[in-house]
1. Which values, in whole Å and largest first, are the semi-axes of the equivalent ellipsoid of the stretch 261-349 obtained as the square root of 5 times each eigenvalue of the Cα gyration tensor?
2. For A197 and L430, what is the calculated FRET efficiency with R₀ set at 22 Å and r taken between the beta-carbons, to the nearest 0.05?
3. Which FRET efficiency value, to the nearest 0.05, do you get for A289 and S317 by plugging their Cβ-Cβ distance into 1/(1 + (r/R0)^6) with R0 = 22 Å?
4. Any chance you could list P(r) for the stretch 140-265, counting all Cα-Cα pairs in 10 angstrom bins from zero, rounded to whole %?
5. Would you work out which of L159, G282, A17 lies farthest towards the positive end of the dipole of the chain? Charges go on Cβ: Lys and Arg +1, Asp and Glu -1.
6. Can you give the log10 of the normalised intensity I(q)/I(0) at q = 0.20, 0.21 Å⁻¹, computed with Debye over equal Cα scatterers of the stretch 1-111?
7. How tilted is helix 245-257 with respect to the longest principal axis of the chain? Cα atoms for both, answer in degrees (0 to 90, nearest 10).
8. For each pair in K234/K426; K426/K446; K225/K446, compute the distance between the two Cα atoms and list the pairs where it is over 23 Å.
Amino acid sequence: MTTTHDVVNPATEEVVATVPLSTEEQTEDAIERARAAFESWRRVDPADRGRLLRAFASLVDSHIEELATLEVRNSGHTITNARWEAGNVRDVIMYYSAAPERLTGRQIPVPGGMDVTFAEPLGVVGVIVPWNFPMPIASWAFAPALAAGNTVVLKPAELTPLTAMRLAELALEAGLPEGVFTVIPGSGRIVGEVFVAHPAVRKICFTGSTEVGRHIMRGCANQVKRLTLELGGKSANIVFADADLERAAAAAPYGVFDNAGQDCCARSRLLVERPVVDRFMGLLETAVAAFRVEDPARETAEMGPLITPGQRSTVASYVDDAEVAFRGTCPTGAGFWYPPTVLVARTGAERHWREEIFGPVVSVLAFDDEDEAVRLSNDSEFGLSGSIWTRDLGRAIRVARGVETGNLSVNSNSSVRYWTPFGGMKQSGLGRELGPDALAAFTDVKNVFLSSD
Ligand code: NDP
């Protein structure tokens, strides 16, 4: 029996849509259709595959406002962010649309003949997407997977399926054949588990919690299924005394409160060199007070609500027994609102310092020197992103090499560009998405020797 899920606008608590939750049988049928479509999709002339992806990208481009508005209502993202996210989908598809004709192998010198390699598509790729960035995270997997000749089945998060479902319609409208890109709304425990267990699914791309990531990794081991994982984070924002403190403090709220802190790259541990702690905190307090938390549909909004009341309770549980330095403001009434909150850490053992909160909460800890900054930064099971603020180039290089994390910015908090690699070290993930090398994660190398005898 098909059940349904009411999709709720987190800013108003109103039901936006009711979406069917797919059953095991429906998921298996979709995988079988994707398996059948793979046989022809992999043989589509590379130039035609590229053209179809470009048609898909331009349809996304002409629907940016529609997709963005849908995301504001489904996920509570600010309209400015949601437009960027839809634009990012367009850019990622366009970037990888240039890949099919460039997916070259190598010719390796050997005696007695010729040796060549081919980048072969894997088959059906299963993509499992979380609720925090429904559009970009989906496209980071489906675009290179399709470009490399795979077919894709994609499970959006139960809470935020609407934009992915719309993207699948746009793909069909652009001319991608039936079965090449299928979005299957449903629960992780049903649809997600079938992806992992079904032998026709040759690779899983999972973004979400480290706990579920570990569970999926165990499941994939049964079939030696390929796997890319993008998991949690607890990234450090390291501010040295020689930094442009005004710039670092003005940028810090955006580095952690963006998307209400529901961001695996959130710089939620703020390390500040002791001599400038007081000055920096004064500047940060001004920046946090000015941070606009309001109806995410407003052009001026810088932060919207949290995704669910449950997420809000989880976030609050980290703040209840912590030392609060200061807080911003947020609306009251309907909606899952939570104010930007700055906590003080004293030792680095505090729960709010160590665990991923996934809300608008940042913890501040003082450090004494460069070595201590690197040590405190690395004292985490995670390693996804991070920032270093300093005017000393040598220090920037030393600390960037010392911090164990996949994506670092110096004098900036930006983590994501579609043409540079993205992914985590340690328990933040496995493999890399985006950039020029992502296709390698969606292909296997085949080596062929041709005898000249
Ligand atoms: P989950 O890891 O539970 O969910 C991520 C995706 O995995 C969803 O599509 C979910 O489906 C699916 N899923 C859940 N269980 C399974 C399973 N057994 N097999 C296959 N797929 C499954 O994250 P939550 O949404 O529960 O968020 C919890 C916490 O995880 C957050 O508070 C945050 O700390 C962290 N998180 C980190 C993210 C990141 O980007 N690094 C993203 C999201 C969460 P369904 O929608 O049905 O639950």
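1. Equivalent-ellipsoid dimensions as semi-axes: 24, 17, 11 Å.
2. It comes out at approximately 0.65.
3. Values: r = 25 Å, r/R0 = 1.12.
So, using R0 = 22 Å, E works out to roughly 0.35.
4. Binned Cα distances yield the sequence 11, 33, 29, 16, 10, 2.
5. L159
6. For the stretch 1-111 at q = 0.20, 0.21 Å⁻¹, log10 I(q)/I(0) is -1.10, -1.10.
7. 50 degrees
8. Numbers: K234/K426 12 Å; K426/K446 29 Å; K225/K446 17 Å.
With Cα atoms farther than 23 Å apart: K426/K446.
The values are calculated or read from the model by the stated rules, or taken from the named source; none is laboratory data. These figures come from a predicted structure and were not determined experimentally. Backbone-built Cβ (ideal geometry, glycine too); neighbour counts: all protein chains shown. With ligands, DNA and RNA removed, areas are computed over all heavy atoms of the protein, side chains included. Shrake-Rupley method; radii C 1.70, N 1.55, O 1.52, S 1.80 Å.
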